[in-house]
Amino acid sequence: SYSVFTDYAGDTGINTQLETVLTENTFGKIYFMVGINELGSDRATQEAAYLKALNRIMELQPNAIIFVMANLSVTYDRSASDRYINRDSVLSFNEWIKSQANGYSIFYLDSNHLFCDEQGYLRSDLSWDGAHVYASVYEDWKVYLMDHGIE
């Protein structure tokens, strides 16, 4: 189960829960990405948790356009050494995420091509642990998301 509705966003300066933010505000677009840390979970359980969170967001923000985002891949070394969090697991889950897009209120965004090599592995110079990118990557990621969101 994802903790997006139980954890507090204290690192943002808001120090409140996502449900409160979504209840007290109106958003035109919501970008949603979760899943890489749960790749070791049972796939059906992971999918159910993802859908539960996505459905709750849609319930709280019925007029928002939602962008379900692909998880970034992992480095070659991480993929070769991790039974659960590896390139093939990420790609498989991303394909499932993509299948949730309906083309009118839910859209799929995949920015892996910005950060991965030709084989689909996250470039090792962009990550400290092989699975999460450095903050220095966020600006390029933000630009991509802004350029590919619907106007």
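The values are calculated or read from the model by the stated rules, or taken from the named source; none is laboratory data. Being a predicted model, the structure only gives us computed values, none of them experimental. Side chains included, ligands, DNA and RNA excluded: accessible areas come from the protein's heavy atoms. Shrake-Rupley method; radii C 1.70, N 1.55, O 1.52, S 1.80 Å.
Observations on the structure shown:
- Surface accessible to a 1.4 Å probe, Glu59 within the full protein complex, Å²: 120
- Taking the chain and dividing mean pair separation by its residue count, relative contact order in percent (alpha carbons under 8 Å, at least six apart): 21
- Stokes-Einstein D for region 10-70, Kirkwood Rh over Cα pairs, 25 °C, 0.890 mPa s (µm²/s): 191
- Gaussian network model of the chain, springs between alpha carbon atoms under 10 Å - residue of Ser111, Ser89, Ser136 with greatest fluctuation: Ser136
- Per residue, the chain exposes 58 Å² of accessible surface when a 1.4 Å probe is rolled over the protein heavy atoms with every protein chain present.
- Expressed as a whole percent, the accessible area of the chain that falls on carbon and sulfur atoms is 50 (1.4 Å probe).
- Helix 43-60 axis versus longest C-alpha principal axis of the chain: approximately 30°, rounded to the nearest ten.
- Largest to smallest accessible area among Phe27, Phe107, Phe32 [probe 1.4 Å]: Phe27, Phe107, Phe32
- Quotient of C-alpha Rg and 2.2 N^0.38 Å, computed over region 52-107: 1.40
- C-alpha long axis of helix 138-148 to longest principal axis of the chain, angle in °: 60
- Projected onto planes of every orientation and averaged, the convex hull of the alpha-carbon atoms in region 26-151 covers 7.9 nm².
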